[in-house]
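To start, the structure under review is shown below, and the notes come after it.
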Amino acid sequence: MKRGKKREPKPYTGLEALLVFPDHGDYVATLDLMRRFSSAVRYGYNRLLEGEDRKALKRES
């Protein structure tokens, strides 16, 4: 544990947006990308819980 000055918590800065897709194909492609990204995050998290090395997981990608 580090000793010294305690840092003040940073304020949360968020962003909210409504995506508008004039072309249905763009909508489908975005949903597919979001689905794949979410799956990759879930996969990596589960491998870390199983005890795999973080650097090894990064090399796989």
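The values are calculated or read from the model by the stated rules, or taken from the named source; none is laboratory data. Keep in mind the model is a prediction, meaning the values are calculated, not measured. Here Cβ is always computed from backbone atoms with ideal geometry, including for glycine, and neighbour counts include all displayed protein chains. What goes into the accessible areas is simple: the full protein's heavy atoms, side chains included, and nothing from ligands, DNA or RNA. Shrake-Rupley method; radii C 1.70, N 1.55, O 1.52, S 1.80 Å.
Has segment 25-43 got any residue that is open to solvent by 60 Å² or more (accessible area, probe 1.4 Å) and touching a helix residue (DSSP H, G or I) at 6+ places or on another chain (Cβ under 8 Å)? The answer is no; no qualifying residue exists.
In the condition set (1) aromatic (Phe, Trp, Tyr); (2) surrounded by 10 or more Cβ atoms within 10 Å (Cβ to Cβ); (3) under 20 Å from the mean Cα position of the chain (by Cα), Phe21 is compliant with all but (3). The listed residues are Gly14, Gly51, Gly4, and the only one of them that is part of a loop (DSSP other than H, G, I, E, B), modelled with pLDDT under 85 and open to solvent by less than 100 Å² (accessible area, probe 1.4 Å) turns out to be Gly4.
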